[in-house]
Every structure is written in structure tokens, then in C-alpha cells.
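> Let me give you the structure first, and then I'll get to my questions.
Derivation of every value follows stated rules applied to the coordinates shown; laboratory data play no part. If you're wondering where the values come from, they're calculated on a predicted model, not measured in any experiment. Cβ atoms come from the backbone with ideal geometry, glycine included; neighbour counts cover every protein chain shown.
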């Protein structure tokens, strides 16, 4: 009995985790229109999905938004982390703490305050407002990821490069950035995923001119669950898996 | 030889208001192996970093063969550094690490290849060119760091405790290897260490530093046999400090000193002596002779510790007045009197002429010195 208890427990935990995903994937191949009976194997919902132009458009919008938000926040975040790491100045601890405040504060608070800000400055809600909002909530994660890597960074490496004739700029390009690259990639991927599946903040700051995937799905399921959404979910799942494997592969390679 | 290459003048450096170097002057000769020796916090690493250009002096100047380097950025100084933990670029192969400095000089590819191969051959790592630093042992990483620094043919090689991370045996091998490299390359080596044994065995000259001030500058032999002050005597090797009192001059160049109740005649020291003056008589453990109790020479005491060290036999002897004496004797199997047992009474003497005299220093109690 003692041998079976932990196994049963673990099985239950993993069933809990994976049954919903499995149901989604299986029913994405379901011929039947309803979610509760099995009508045989079919790719019709995938077809329907790709014929749904609004959906495909929203998908590209989301990808483009996630890509740009992750890239911008990685650039800003990496420079912030470097500044926090490299220079000693008054109020550094406070600045560090303020990053965590943004990270820990409820998303709804950020959403409302961003909306209020955009309305205040009279900004049109659309791609730019979404981008600004996404960069805002991705930034602390990037800074913290890069800072963690920098804290283990050997301070003698930049000195060694300078000693061997590299200017500060060349040293940054040939030594500093390659060494912290895994952290930059990890930060970027984190930002990308955060941006891709954000609903709360996006709901507040998006406009009709730029529809993104999570909001599109959300509005679709409000009027009843369409099997197309299953197909979309399965595709997103595959996409996330590829990203995960890619990031792990990069990390492993850099650790070699 | 003995032509000044690197000249440090009145160098001062403070960190957070605390003085690390205080108006330090030092001339370093072309082609010499100079060691900066001192306990941690003595300013030796700061001094090296000032020469490399990683720190800027508050005052003073650094001149290399007539060129003022004080305000030159590290990348423009013809000096290279071997770092304590090697600081190899982890993302580059051994070859690329060594080639880095030459690439910065924008040398042609063919020249880089050839010079890197030469440098790697010099440290016997030709076969490891394609490896990453973490695939090498500590000693191999150390050699890559040396190759990377010397491939640029610097005028001066700065070495910041480069052997401290290696185990004893490897350290010994690397000491010999470094010395060989220095001879072959003819480059000036400035070597930082806190290990006095290392300093003595490798250097042409040793700089003993304490709290940012040079205590002594001299050949290893001078530093060991004729320490300039109590700090040097205590830091470099082990020493017995016996209290002595000047009885007066007893010849042209000699003075009579009462030490441990014995009347001895010593060479006149460099410093002024007056009758009745207290001074320190320094004797290295290997200068001490342990005699049989019935001997007429020496001071009585008893053996409290015997340590077999392989080539020598080290003993601690307590004199009757409580003074502790360290003695280190080479084995002489023909000498029947050699082996004393613990607690056995003996007499302590030393080889005449091997003693060294130092004056009393202010602020140091006589008793405190004896057991240092």
C-alpha cells in the first residue's frame, strides 16, 4: 500500500494537469460540431480556422505584438540591468524594489492605470497603446532575469578584455553580451509568452483597429464554444512546446 | 641589466577615505622578476591594478620607458595581466582566447594563427586549441591565461596571485614553468603573492609591502637574511626574536651584546647603538643549534615539541625564562646526540655570525615580539 500511495498521488496530479490539454487536442480533431460527442477524425476545424480571416489576422497581430514587445523590453531591460549592476549610486536599492512592485501588483491595477494614462494624454487605443502596455509589464521580468545572470558574472572578464586591447564598446560586444546572451534570450522568451497570452491588460488598452488573439478567442467563446478554438489551442500548444524546446536547447548549448 | 623600465612616483590611492597606497615610489628594472609580497590588504593588488590601468591613482605618476602612462586607458598600455582566477572568456575556445588580444590589434589572420600556435606551444597546450576553458583543468586554464597575456609581447607581464588557486604540487610545477618562461621571453614579470616561499624562490627582487608602504626592497636573500624591520622579519619565514642589550663596543666593528644571559660579540649593525640599548637578536630556526645538556655553550631549556618534516627535524624548545625557540635541523645520521626526546633538557646555541640585529620599534612590547 505504501508503494502505491505516492504513485497514485502523482498520477492524479498529472491527470489533473494534462487531461484538459488532452481533451482540447483530441477534440480539435473531432468531426462533430459539439464538444460532447465524438464524430470521427477530421481536420475540418483546422480548415475552418485558417479560413477565418479575422482569426488569422488576430493571430498575426498577436505574434507581431509579442515579438516587438519582447524585443523592446529586452533591449531596455538589459541596459537597465547593466546600469543597476555596474554603477553604484544613491537610491539603487529603491529602484530595484520598484521593479518588484510592478511585477507583484495585480494586473487589473496596471490595466486601469494604463488606460487612465492613455486617455489622459489622448492616445488612440491600438497597436501603440498595446505595445507600451506590454513593454511595461514585461520589463521587470527581463531586468530580473538579466540581473540574476550578471550577479554571477566574473568582473575580471571585462578587465581582461580591456587589458588585451579592447575598448569599452568592443568589450561589451565581444565579451559582455555573449556571456549574458542566455539571460537575454530567456528574458526575451519570457516577455514573448507573457505578451502572447495576456488578456487583462490588453482588454483595457486595445482598440478596434488592432484585434489580438486572446481577445478574439475570448469574444468567440462568449457566444458559445466553437470547435475552431480547440484547433487554435492545439496549434498554440505546439508553438509553445517548440519555443520551450528551443529555449532549453539554447541554454544547454551556452552552458557547454 | 638594471635599466629602469617602469617607474612609479609618489603613488597614492584611497578607497572610501581609507588610504591603500601612500606615496609609493618604485623603480622596476627591464627584464627582472619582481615580486610584490605582503599580507592581504597591504595594497599589492591595488598597486598591480594601478599599473594595469584598472584603477586611477589619486596622486603620483606611472612612467614606462619615459612615457607617462598615468592617464592612459588599460587597452592602450603595453602591459598585460594574468588574473587570479584566470578570467578566461568562457564562450570562446582556447585558440580564440589567446587570439583575442591580436584580433584587437587587427593583425592579419595568418600572423594571428602563427603567433597563437607559438604561444600555445610555449605552454604545451597545442592540442587543446579547440577546447572551451571549462573543459580544462585548473593548471591548463592557468597556462591559457599566461599564453593569452604573453602573445601580445607586452613590455611587462603583471601576475595577480596566479598560482593561488592551484594545489601545492601543481603550484610548484607552475613556479618552475613561470620562471623558465620569464627567462625565455626576457619580459619583466611583476608578480603579486602573499606566499613568502613563492616570492623567495622565484624573484630577482622582492618588495615587501605593509599598509601601502614599502617595508623592504631587495633580493630574496637580503629580505630573508637581513630583514629591514620586524614586520619583514616576521612575515618572511619564521624567526626567533631574542631580547638583547648592548654592553658596549668591544672592537673596531663589533659590539658586545648580552643576549639571554650570554655575552656575544656581534658585527656592528647599520643603525646607531648606544651602551645599555635594548635590541632584537634575530635567528632563523635553521641557525639554531641544539646541544647536549652537558655542553658548556648555549642557554638551557627543554624540548617541548618535535616535528619530523622529512628533510629536517623541527623542534620547539622552552628556555628556562619561558622564551620559546624554534629550531630546524638537517638530519645527520652520524650524530648520536641528534635525537632528543620530548621533555629532555638541552642547551640552545647558534652559529656565530648568522644572527641579525634590529632596533626596538615603538609601540611594540618586548614580550609580544618574542612569540610572534
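> With springs only between Cα atoms under 10 Å apart, run a GNM on chain B and tell me which of B:215, B:272, B:140 wobbles the most.
B:272
> Could you work out which residue, out of B:148, B:205, B:289, moves most in a Gaussian network model of chain B, that is, has the largest mean-square fluctuation with Cα springs under 10 Å?
B:289
> Note the direction-averaged projected area, equal to a quarter of the hull surface, for the Cα convex hull of region A:21-74, in nm².
Spelled out: convex hull of the Cα atoms, projected over all directions, averaged, 4.9 nm².
> Under a GNM of chain A (C-alpha, springs under 10 Å), which listed residue has the highest mean-square fluctuation: A:197, A:163, A:37?
Sorting by GNM fluctuation, first place goes to A:163.
> Here's another thing I want to ask about it. Could you list B:340, B:100 in order of exposure, starting from the residue whose Cβ has the fewest other Cβ atoms within 10 Å?
Ascending number of Cβ neighbours within 10 Å: B:340, B:100.
> Quick one: of the DSSP bridges fully inside the protein assembly as shown, what percent are antiparallel, nearest 5?
The answer is about 80 percent antiparallel.
> Residue by residue through B:74-82, how many Cβ atoms from other chains fall within 10 Å of the Cβ on average?
Partner-chain Cβ atoms within 10 Å, mean over residues of B:74-82: 4.
> Follow-up. Return one number: the angle in degrees, 0 to 90 and rounded to the nearest 10, between the long axis of the Cα atoms of helix B:138-150 and the longest principal axis of the Cα atoms of chain B.
Around 70 degrees separate the two axes.
> A follow-up question, please. Considering just Cα atoms, how many Å³ per residue does the convex hull of region A:101-194 enclose?
126 Å³
> Which of rounded, prolate, oblate describes region A:1-41, given a ≥ b ≥ c as roots of the alpha-carbon gyration tensor eigenvalues and a/c under 1.5 marking rounded, otherwise prolate only if a/b is larger than b/c?
prolate
> Helix B:109-122 versus the longest principal axis of chain B: what is the Cα-based angle in degrees, 0 to 90, to the nearest 10?
That works out to roughly 20 degrees.
> What is the helix-to-structure angle for A:127-151, meaning the angle in degrees between its Cα long axis and the longest Cα principal axis of chain A, kept from 0 to 90 and rounded to the nearest 10?
In chain A, helix A:127-151 runs at an angle near 50 degrees to the longest axis.
> Moving on to the next point. For the protein assembly as shown, take N as its residue count and report Rg(C-alpha) divided by 2.2 N^0.38 Å.
1.44
> OK, next. From other protein chains only, count the Cβ atoms within 10 Å of every residue's Cβ in A:153-161, then give the mean.
The mean count of partner-chain Cβ atoms within 10 Å per residue comes to 6.
> With each run of n ≥ 4 DSSP H residues scored as -39500 (n - 2.57), what mean residue ellipticity at 222 nm is computed for the protein assembly as shown after dividing by its residue count and rounding to the nearest 500 deg cm²/dmol?
Helices in the protein assembly as shown give a 222 nm mean residue ellipticity of -14500 deg cm²/dmol.
> Continuing with this model, one more query. How would you classify region A:162-256 from its alpha-carbon gyration tensor, with a ≥ b ≥ c the square roots of the eigenvalues: rounded for a/c under 1.5, else prolate if a/b is greater than b/c, otherwise oblate?
The shape class here is oblate.
> Can you give the three extents of the C-alpha atoms in chain B along their principal axes, from longest to shortest, in whole Å?
Result, largest extent first: 78, 47, 39 Å.
> Consider all pairwise Cα distances in region B:236-313 and report the whole-number % of them above 17 Å.
Value for region B:236-313: 56 percent of Cα pairs lie more than 17 Å apart.
> Any chance you could get the radius of gyration and Dmax over the Cα atoms of region B:1-96, in Å?
Every Cα atom of region B:1-96 included, Rg and Dmax give 14.6, 43 Å.
> Using the number of other C-beta atoms within 10 angstrom as an exposure proxy, rank B:134, A:134, B:91 with the fewest first.
B:134, B:91, A:134
> Follow-up question, since we're still on this one. Specify the inter-centroid distance of region B:127-170 and region A:131-178, based on alpha-carbon positions, in whole Å.
So the separation of the two Cα centres works out to 25 Å.
> Classify chain A: rounded, prolate or oblate, from the alpha-carbon gyration tensor (a ≥ b ≥ c, eigenvalue square roots; a/c under 1.5 rounded; otherwise prolate if a/b is larger than b/c)?
It is prolate, given that a/c is not under 1.5 and a/b is the larger ratio.
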